[in-house]
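Worksheet: the structure to be examined is printed underneath.
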Amino acid sequence: MTDRSAWTATVAVSCATPRWTIYVPFTFTLWRPVVLAADFLRAGVVIKHQDLTVRRELISAETGPVCFSEEAVVGKVLNANVNIGAKIDPQNLVAPEIIHQGQQVTLEARFGNVRIRAEGIALNDGRVGSALLVRNTESDKVVTGIVQPDGKILLTPGKS
């Protein structure tokens, strides 16, 4: 192989006598299980197993982004409608909001092995991994932290 990308390659084919070389380009394709909508799915819904079906399809560079496992999709929220039988695009999936404005939350700051916790009130909604504004209920200071899967808000030194 003389050149290769994710979906294409060029192979040099040669002969010693008589001496010649040709370069043959080709495109990779493969059969993979692909996650599809079992029914019409509206933007904003949390996806459940019964909303999905899996079918083996031929995948190539033209296919675009797709999800290969139901586990990567279930529990996520769509940010666009998906028609029945359409592939689920991972770019249209977001984590569900687990923190809501006005909710009491636990703030946590970590310094090596030391953890400091405080209580706060969420000032906006948040998804796992998103930044969230929180008012510390003791100091009344507004800080920014990252929503963790367990619902805590992780503060980073110097970032609040």
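Read the figures in this text as sums done on the coordinates, not as results from a lab. Bear in mind the structure is a predicted one, so any value in this text is a computation, not a measurement. All Cβ positions, glycine included, derive from the backbone under ideal geometry; neighbour counts span all protein chains shown.
Could you give me the ³J(HN,Hα) list for segment 102-114, computed from phi with Karplus coefficients 6.51, -1.76, 1.60 and θ = phi - 60°, whole Hz, x at Gly and Pro?
Computed from phi, the couplings for segment 102-114 are x, 6, 6, 9, 9, 8, 9, 10, 10, 10, x, 8, 8 Hz.
At ILE121 and ALA9, where each label point lies 7 Å from the Cα along Cα→Cβ, what is the point-to-point distance in nanometres?
For ILE121 paired with ALA9, the spin-label model returns 6.2 nm.
Rg and Dmax of segment 1-129, using alpha carbons, in Å: what are they?
Calculated on Cα positions, Rg and Dmax stand at 23.8, 80 Å.
For labels at ALA80 and ARG135 in the simple 7 Å Cα→Cβ model, what's the distance in nm?
Computed distance between label sites ALA80 and ARG135 equals 3.8 nm.
With each pseudo-label sitting 7 Å past Cα toward Cβ, what's the ARG110-VAL142 distance in nm, one decimal?
About 2.7 nm separates the two model spin labels.
If packing is taken as the average number of other Cβ atoms within 10 Å across a peptide's residues, how do 84-96, 60-72 rank, most packed first?
Averaged packing, sorted descending, gives the order 84-96, 60-72.
For segment 101-160, take N as its residue count and report Rg(C-alpha) divided by 2.2 N^0.38 Å.
Working it through for segment 101-160, the quotient is 0.99.
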